[in-house]
Structures are given as C-alpha cells and as structure tokens.
1. Along Cα→Cβ, 7 Å out, is where each label goes; now give me the distance between the ones at residue A:290 and residue B:56 in nm to one decimal.
2. What number results when the radius of gyration of chain A, computed over Cα atoms, is divided by 2.2 N^0.38 Å?
3. Using Cα centres only, tell me the gap between region A:157-177 and region B:48-97 in whole Å.
4. If I take every Cα pair under 8 Å that is 6 or more residues apart in chain B, average their sequence separation and divide by the length, what percent do I get for the relative contact order?
5. Relative to the first principal axis of the alpha-carbon coordinates of chain A, what is the inclination of helix A:270-282, with its axis defined by its Cα atoms, in degrees from 0 to 90 and to the nearest 10?
6. Just check region A:5-130 against the gyration tensor rule for me: Cα atoms, a ≥ b ≥ c as the square roots of the eigenvalues, rounded for a/c under 1.5, and otherwise prolate or oblate depending on whether a/b exceeds b/c.
7. Under a crude label model (7 Å from the Cα following the beta-carbon direction), how far is residue A:144 from residue B:37 in nanometres?
8. If r is the Cβ-Cβ distance from residue A:15 to residue A:115 and R0 is 30 Å, what FRET efficiency results, to the nearest 0.05?
C-alpha cells in the first residue's frame, strides 16, 4: 500500500545499512556516533523492497528526514513522515518540536505548520507546537518603560556559579539599567538545571537590576547548540552557534529591548571561544557584544577562575581554596552537597566539558 | 468544556487538518496555517470557532495546520481535539455532532 509507515529498527545491521545508504543518496552523510546514538526511534516508508522515506526523533528534535518523491505527488511522503513523527511525539505529550534542516527545505516544513526561528546560508532551525517562542517571551518578567531603558543580556550555564560569573554580572549591572541572566536550561551538566538556576539567583540576589531567567529551548540548549554538550568538530560548532546567535539577535533581543550582550573572554574552552567569535560576527550592530576580560578576576594566587576547576575540586574533595573561586552561596551549597555531587561524578558525569 | 491539557487531532496529510488545542486565560485565539488561507481562511476559522462555542469552550489557544480539509473534517478534528484536551473522550458530545 502507498505510504504505509513502518518502524525501522536501526540496531538491525541490515536495516541500518539500507537507511544509511538511502540518506547518503540524498546527501545526508553525518552518521557520527554522537548524532545517531541520540535517536529515540526511526520510521520509514517502503516501496516494494526499497526505502523511499524516513525520519527520526531525538528528544524534541526531528532528525534524519529524507524523502524520495519519484513516482508520487511531491510532498505527500514528506507530509506523511513528518505527520507521523509529530503525532507520535504529541501522543507522548511532547507538544513542542524542533527541526534543523537545510535551508532549501525550510519552506517544506513551514507548509506543515513549522515556523522558522533563524536560518544561516546553509541551515534553518524551525519549531512547531506549543508553547512556542512567543509564549516563552511572554513569560519573561519585564520592568516599566523597558523600551526606554538600557538592557543587557548574559547567557550562562554556570556549572556552578563562580566569582567569574559574578564579576561578569556585576560589570553588566553597573553599566545598564537592567540585566537579564539567562541560565542554560539543558540538564546535561554536573549541577542540575534547578541547582544552577538557584545558585545564579542566590549569587546575584543583592543586585537589584538583575533578572535571572530560564534560557528555555532557545539559548544554548540541546536543541539549538548540541555541540556545547557533545565534543564536536569546529565546523559543527560554528554552524550551530551561528543559528543560536541569530535567534538571540532576531527573536530574543528585540522582544526584550536587549542592546548589549556580555560574554567572558575565553582563554580555556575551545567551544566557548568559537561561540564568542561567532557572537561577535553575528550580533552587531543590532546587539553590541561586550567581552569582559576574565583575567580581571584572578584568585589570590593568580589562577584564572573557571567552573571546570571548581568541578575538579569537587571531584578530589579539595574544598580549601573553594572560596577563592566561588561566592559564599555556591561554596555553601557545595559543602552541603559534596557527597551527592561526587557520586554523580563517579557515576560517569563528564566534568571536563562545559 | 474546560481545556485541561494540550491535545491534538488530525494529520498533516492532504485533505486533513491538524488541530492543536492548549490552555488559555481568556478568549479563543486561532493561529491558522493554510495554503488556501486567502480563499477559505475566514470560513475555516468560523467552523473552528462555532464548533468550540457549541462545545462551551470559552478559553483556548488553537493552532491549526490545514491541508485543504472540508468543513466536516475541520469540525470532526476540532471536536476530537477538544474532547482530548478536556479529558472527556469517554463522554462523546453527541449533541454537537
């Protein structure tokens, strides 16, 4: 029968081989383990013995969608595949979905109810369902006459919140009427999202003009910027950060009247360093990028403050120099939760990334 | 009927319409995407709104992706989505059909 959708089980080597060969014929060629391993399930349509359409889901992101239109109405198989994926996700109560695709396919997705958040020369990033970006923006607290105020934004993972983060927020707060601190929402770090959020709130509680906000799915999330959480080649990082930066520039910043984005200089992390370069290229002139020199906040023995180092201290249980690196609120939390944190590290949580 | 959770009915295939209903504070808000929006947009909105009124839904956010559905299909999908969203699928609203 036409458009009969079946499940593809990629752990069957023959199925996986056919699937890869089909996608490769459509110019989708990235089958790196860190991409493929995240797939929750894959579906397909066969015409006789030939695979003619496929699509996969990883969390709330649609992936590896490929369709051959030979002999059928243009788009019918595409609609069937995406429709099935969307309905299956909805049935699991995942009502908010994203897709990364080549720019030329953006329109096909827009035809079936996706809306584009950003695109670069080669790629586009779209969402569908609810709550969407407008709902996200509507829930962010605002102040009176915000459009006449000087507003800045900072995005941080804060794993955990250090004196370096504190310095960055202080600088921004002293130079602006209002500062939004967006905390990365993806839960893929040693400190959970709730813990990171609370530590940022506690560490900035004395600064009246700082609002701490959940970064949602739109700022350095697993959806927009997976390479932040997974080791990836430079080219992939650049491509993802470009989209991430454009969402900030085109969607987030105008809605909140953010005119400046503050970032810390990044001598030590390659991924974040590329991210900063891309921000510098993409955000101005709409949004200025201010790089705050990290060496302004050295510890008493001249070390650069990094959260990576703090995580190392936790692993080794060396808490003596902790207060050089983190504010009192974070230090207190670490002291009170040392055992569970160490247990997470023992259970395999990677602490060398971001 | 009160919308308690987000729910969906329908597909994105030709001649169908996908209706997603979620909670809203007040009023009915319809976000319609259709290739025939220009010709039939008002009519599609009207069918959705009338169906919601018949079901006593006063506050809802509706996202509709139309692929050329006829009125009867739009009505059926709307009813199904509302019954799912209001967790009343076990009590079909016959009088509205």
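1. That separation, rounded to one decimal, is 5.6 nm.
2. For chain A, the normalised Cα radius of gyration comes out at 1.08.
3. 49
4. With pairs under 8 Å counted, the relative contact order is 42 percent.
5. 80
6. Verdict is rounded for region A:5-130.
7. With each label point 7 Å from Cα toward Cβ, the separation is 3.8 nm.
8. 0.35
Quick note: the coordinates plus some simple rules give every number you see, no bench work behind them. Just so we're clear, the structure is a prediction, and the values are computed from it rather than from any experiment. Don't worry about glycine lacking a Cβ; one is built from the backbone with ideal geometry, like all the others, and counts go over all protein chains shown.
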